[in-house]
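For reference, the structure discussed in these notes is given below.
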Amino acid sequence: MNKLKNLVIAIAEIGRCSGLKPPAHEIKAFNHFFTDGVLDRSCLDDRDGGCTRRELLLRMLLLNAVLDQGPDIEGVREMMVDVVNNLYEREVRMFHRPLDFFKEINISVDQIWNTHEKVKSNKSAKWAEDNQSTASKYNLYMDNSKQTLNYAIFRWGVPLALPYLLGKNHENRQSTSLVDYLETYSSAEKMSNGLKDDEKFGLGKAIGDKACHLFAKWMVSTFRLTRKQDESSWGEFSYEVPFDSNAGRVLWRTGYLSNLANKDEFIKKDVVQQNKGKGGKHYIRVTNMRGMPVSKNVPSELFDIYKDICVNHLKTHKREPKKIEIQRFQHALLKQNGDEKLTVSAFDDGLIEIGRNYCLNHENPRCTECPINQHCDGKNSDRSLITDYRT
Ligand code: SF4
């Protein structure tokens, strides 16, 4: 277990220094919320138009979380900032008045289409080179969809419609409709589940599990926008890591996952899909890992920490769980370590940083420069972890 702990801590150390945050300060309508790029936290509950600053930032982050998938996170963020700034210049004040986005749907769709084309022409060649792919495959619309109307309504429209609907239901609380709703949940993890699955207000297929957890991370840790004072259920261990394919690749290649369960168990759960990846390699689908138990031995002290996390932080269990779920295991390692700066959020930021810059999705990742290479099985002892798998 020490080996895994050292790896997790090394990843969190990288994440602690990582600077890739959602570009809230680049949204011109929010410029005055920030001083030198730092959020002015003392004014979060000041009104800006019909909403509080806190509410507006959460509306923007919810949209960003939904969009933040696909091949190029920076490209997505650049596109979103450009679209939002141009729409605001044309008085489509989509976070202050979500209905504007739909009322002016011709302007909204044109703006998304034009900006996507611009970002694609600027970034696709470099992206193709880094990922050993072709520039024509660069597409930020998600699910390989190419239809702008579908993307605009499904991926932009649904997260914008939520605060609008909530405001309609509570006319007297329109200025804080989203944050009031989110904070009805007993923990950030429960909130992130409800964001997708609630039968009335859930975003359903418009948002993935990863995006829900990403939003929880930004709300609780990155921007600290929750008003909840409870450090357990709305604190640093109160939500799961938003695992995506970058994270899955790093965790597989380093040997982290194979130290928690056997390869056959990953195959059985379709986490490893044999010969289904690019070039006939094994495909890793980390999202299928949800709920999968750790089958290797775990020291009882670590298990006790894990139980406390499930019952008192995530609040997903009323009684102590009997098994450890793989996707939550790093919580226990980080909590046992006890450095309050090495959080779940830092761990996720580290995975993103390494996945984007070093552990690229092809046979020759940048292992020599990779800051966690001394902890990596793929680099040091079993190169097949790199050569035989793709995400
Ligand atoms: S050492 Fe290589 S394989 Fe291991 S995490 Fe870093 S880039 Fe990926």
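Where nothing but the Cβ of Lys and Arg (+1) and of Asp and Glu (-1) is charged, how large is the charge dipole of the stretch 318-391 around its Cα centre, in debye to the nearest 20? The partial results should precede the final answer.
Values: 12 positive and 12 negative charges, 80 e Å.
Dipole magnitude for the stretch 318-391 comes out near 380 debye.
Put +1 on the Cβ of each Lys and Arg and -1 on the Cβ of each Asp and Glu in the chain; which of ILE153, THR391, TYR185 then has its Cα farthest toward the positive end of the dipole?
THR391
Multiply the residue separation of TRP113 and LYS276 by 0.36 nm, subtract the distance between their alpha-carbon atoms, and state the gained length in nm to one decimal. Show your work: numbers first, answer last.
Details: separation 163, 0.36 × 163 = 58.68 nm, distance 3.22 nm.
Between TRP113 and LYS276, full extension yields an extra 55.5 nm.
Cα convex hull of the stretch 209-292: how many Å³ per residue? Show your work: numbers first, answer last.
Values: hull volume 8.9 nm³, N = 84.
Value for the stretch 209-292: 106 Å³ per residue.
Using a Förster distance of 22 angstrom, determine the FRET efficiency expected from the C-beta separation of ASP264 and ARG383, and round it to 0.05.
Details: r = 21 Å, r/R0 = 0.95.
Computed FRET efficiency for ASP264 and ARG383 comes out at 0.55.
Tell me the net charge near LEU20. Cut-off is 14 Å between Cβ atoms, LEU20 excluded, with +1 for each Lys or Arg and -1 for each Asp or Glu.
Numbers: positive: ARG16, LYS21, ARG77, LYS217, ARG356; negative: GLU26, ASP68, ASP72, GLU74, GLU78, ASP244, ASP348, ASP349, GLU353.
Neighbourhood net charge equals -4.
What is the set of long-range amide H partners of PHE34 at a cut-off below 5 Å, with H atoms built 1.01 Å from backbone N?
For PHE34, whose amide H was placed from the backbone, the distant partners under 5 Å are ASP40.
Placing unit charges on C-beta atoms (Lys and Arg positive, Asp and Glu negative, everything else neutral), compute the dipole magnitude of the chain about its Cα centre in debye, rounded to 20. Don't skip to the answer; put the middle values down first.
Values: 58 positive and 53 negative charges, 186 e Å.
The dipole magnitude comes to about 900 debye.
So how far apart, in nm, are the two label points at ASN312 and SER300 if each is 7 Å from Cα heading toward Cβ?
1.9 nm
With the crude spin-label approximation of a point 7 Å out along Cα→Cβ, what separation in nm comes out for LYS5 versus LYS323?
2.5 nm
If we sort 173-183, 101-111, 120-130 on the protection proxy, mean other Cβ atoms within 10 Å, highest first, what's the order? Show your work: numbers first, answer last.
On the way: 173-183: 20.2, 101-111: 17.3, 120-130: 15.2.
Descending packing order for the listed peptides: 173-183, 101-111, 120-130.
Just name one of VAL220, VAL241, ASN31: the one whose Cα is farthest towards the positive end of the charge dipole of the chain (beta-carbon charges, Lys/Arg +1, Asp/Glu -1).
Ranked along the dipole, the leading option is VAL241.
Note down the net charge around GLY248, summing +1 for each Lys or Arg and -1 for each Asp or Glu among other residues with Cβ under 11 Å from its Cβ. Present the calculation step by step, with values, prior to reporting the outcome.
On the way: positive: LYS210, ARG249, ARG253, ARG285, ARG390; negative: ASP244.
Once all neighbours under 11 Å are counted, the net charge is +4.
Hey, what do the phi angles of the stretch 341-356 turn into as Karplus ³J(HN,Hα) couplings, whole Hz, using 6.51/-1.76/1.60 and θ = phi - 60°, x for Gly and Pro?
Karplus-based 3J(HN,Hα) across the stretch 341-356 equals 7, 8, 9, 4, 4, 5, 4, 5, 4, x, 4, 4, 4, 6, x, 6 Hz.
Would you work out which of VAL81, GLY70, THR52 lies farthest towards the positive end of the dipole of the stretch 46-85? Charges go on Cβ: Lys and Arg +1, Asp and Glu -1.
Looking along the dipole axis, the top candidate is THR52.
From the Cα gyration tensor of the chain, with a ≥ b ≥ c the square roots of its eigenvalues, which class applies: rounded if a/c is under 1.5, or else prolate if a/b is larger than b/c, or else oblate?
Oblate, because a/c is 1.5 or more while a/b does not exceed b/c.
Return the sequence-ordered ³J(HN,Hα) values of the stretch 62-74 in whole Hz as given by the Karplus equation 6.51 cos²θ - 1.76 cosθ + 1.60 applied to θ = phi - 60°, using x for Gly and Pro.
Calculated HN-Hα couplings, in order: 5, 4, 4, 5, 5, 6, 6, 9, x, x, 9, 4, 5 Hz.
For the stretch 222-344, with only Lys/Arg (+1) and Asp/Glu (-1) charged at the beta-carbon, what is the dipole magnitude about the Cα centre, in debye rounded to 20? Write down the numbers at each step before the final one.
Working: 23 positive and 15 negative charges, 123 e Å.
With only Lys, Arg, Asp and Glu charged at Cβ, the dipole is about 580 debye.
Computed from the coordinates by the stated procedures, all read-outs in this text should not be read as laboratory data. All of these numbers come straight from a predicted model, not from anything done at the bench. In this analysis, Cβ positions are derived from the backbone assuming ideal geometry, glycine residues included, and neighbour counts consider all displayed protein chains.
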